[in-house]
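A short write-up of the structure that comes next.
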Amino acid sequence: MDLKEKFENAVAESKNLTHKPGNDTLLQLYSHYKQAIEGDVKSDAPANPFDFANKAKYDAWSGLKGKSIENAMQEYVDLVEKLKGKEV
């Protein structure tokens, strides 16, 4: 199975975790997914200073700037595998 297939499987598996990950882990999943799908963030940060959720998402994704799509995919797969291991 190639990396893209592993990534797609991990995305599907992440939606079926029996325990909801904490906010920090959810931000890691989000940012690695976005980096893997779109590459570096190209939009501006949210203008509304009270839009905390979208600001956190933007910051998490922006923090991966320069990371290759392949590395982001692999790190996403690794994180989902780690989360699945905690469910046992």
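Examine the range 1-22 for a residue that is out of contact with any Cys (no Cβ under 6 Å at 6 or more places or on another chain), free of Cβ contacts under 8 Å to residues at least 12 places away in the same chain, assigned to a loop (DSSP other than H, G, I, E, B) and closer than 15 Å to Asp78 by Cβ, and state whether such a residue exists.
Looking for residues that are out of contact with any Cys (no Cβ under 6 Å at 6 or more places or on another chain), free of Cβ contacts under 8 Å to residues at least 12 places away in the same chain, assigned to a loop (DSSP other than H, G, I, E, B) and closer than 15 Å to Asp78 by Cβ, one finds at least one in the range 1-22, hence yes.
Starting from the range 32-54, keep only residues that are under 26 Å from Gln74 (Cα atoms), then list their pairs with residues that are surrounded by 12 or more Cβ atoms within 10 Å (Cβ to Cβ) and modelled with pLDDT under 95 whose Cβ atoms are within a distance under 6 Å, requiring at least 6 positions of separation or different chains.
Partner pairs satisfying both residue conditions: Asn54/Pro46.
Let me spell it out: the conditions are (1) over 10 Å from the mean Cα position of the chain (by Cα); (2) surrounded by 15 or more Cβ atoms within 10 Å (Cβ to Cβ); (3) free of Cβ contacts under 8 Å to residues at least 24 places away in the same chain, and Leu26 meets all of them except one. Which number is the exception?
Evaluating Leu26 over (1) over 10 Å from the mean Cα position of the chain (by Cα); (2) surrounded by 15 or more Cβ atoms within 10 Å (Cβ to Cβ); (3) free of Cβ contacts under 8 Å to residues at least 24 places away in the same chain leaves (1) as the failure.
Considering only residues that are part of a helix (DSSP H, G or I) and farther than 26 Å from Leu3 by Cα, look in the range 37-58 and name the one that is farthest from the chain's Cα centre (by Cα).
Per the criteria, the residue is Phe52.
Any idea which of (1) polar (S, T, N, Q); (2) farther than 25 Å from Gly85 by Cβ; (3) surrounded by fewer than 13 Cβ atoms within 10 Å (Cβ to Cβ); (4) at pLDDT 95 or above is the one Ser62 doesn't satisfy?
Of everything listed in (1) polar (S, T, N, Q); (2) farther than 25 Å from Gly85 by Cβ; (3) surrounded by fewer than 13 Cβ atoms within 10 Å (Cβ to Cβ); (4) at pLDDT 95 or above, Ser62 misses just condition (3).
The values are calculated or read from the model by the stated rules, or taken from the named source; none is laboratory data. Quick caveat: nothing in here was measured; it's all calculated off a predicted structure. Counting neighbours? That spans all protein chains shown, and the Cβs are built from the backbone with ideal geometry, glycine included.
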